[in-house]
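J.: One structure follows; several queries about it will come next.
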Amino acid sequence: MMSSLWDKPAMVKTGNVWWLVQFKRACHKKSASLPWEENEEHHMKTSTLSALVVVTSLATATGALAQDAAAGKTSFNKCLACHAIGEGAKNKVGPVLNGLDGRKSGTVEGYSYSDANKNSGITWGKDVFLEYIKDPKAKIPGTKMVFAGIKNEKEAGDLWAYVSSFDKDGKTK
């Protein structure tokens with residue numbers, strides 16, 4: 001009898017693998033075949049299983065990292081006391097956040113920025129925003145923004161997905 005991957009013990013760290021056990025059982029139900037066909041069949045089953053594992057892993061990893069603008073809208077509730085976004089938004093305690101992606105810090109018309117913010121040299125983008133939103137006073141010492149920050153990377157990414165979805169006129173892109 002030929003040796004297979006199933007004859008060796010395997011370690012699985014996490015995840016639901018009931019389908020893997022079912023697949024293993026199906027592979028061991030052999031039909032009458034010639035010796036060279038058996039080897040070909042075994043190779044095909046092993047290749048199929050490998051492909052399934054890779055596709056499942058990639059789908060899981062991609063889903064876990066995906067940013068969710070709808071969740072970001074919920075997170076934006078923390079910002080609403082000071083900031084506005086969308087059509088008809090006006091400056092409040094903080095500036096309007098329409099068109100934030102690609103905008104230079106300290107440039108919203110009609111808002112009185114701190115010197116620290118005006119002179120920060122920041123052009124807003126995803127990476128800068130994610131660093132800033134963790135701890136605004138650490139990124140721009142002297143900023144007027146009084147906010148503890150969002151430490152959770154997923155929440156910060158979702159917030160960026162929401163905020164960056166608005167153009168300078170407050171329309172969604």
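J.: Multiply the residue separation of residue 165 and residue 77 by 0.36 nm, subtract the distance between their alpha-carbon atoms, and state the gained length in nm to one decimal.
T.: Fully extending the segment from residue 165 to residue 77 adds 30.1 nm.
J.: What does the extension gain come out to for residue 137 and residue 109, with contour length at 0.36 nm per residue minus their alpha carbon separation?
T.: Contour length minus the Cα-Cα distance gives 7.8 nm.
J.: Ok, one more. Run the quick spin-label model on residue 146 and residue 68: label points 7 Å from Cα toward the beta carbon, then report their separation in nm to one decimal.
T.: Calculated label separation equals 3.2 nm.
J.: Another question, if that's okay. Report Rg (one decimal) and Dmax (nearest whole number) for segment 69-163, counting Cα atoms only, units Å.
T.: Final numbers for Rg and Dmax: 12.3, 34 Å.
J.: Given an 8 Å cut-off on Cα distances and at least 6 residues of separation, report the relative contact order of segment 69-163 as a percent.
T.: RCO, segment 69-163: 33 percent.
A short reminder: the numbers here are calculations on the coordinates, not readings from a lab. In this text, all values refer to a predicted model and were calculated from it rather than measured experimentally. Positions of Cβ are backbone-derived with ideal geometry, glycine not excepted, and every protein chain shown enters the neighbour counts.
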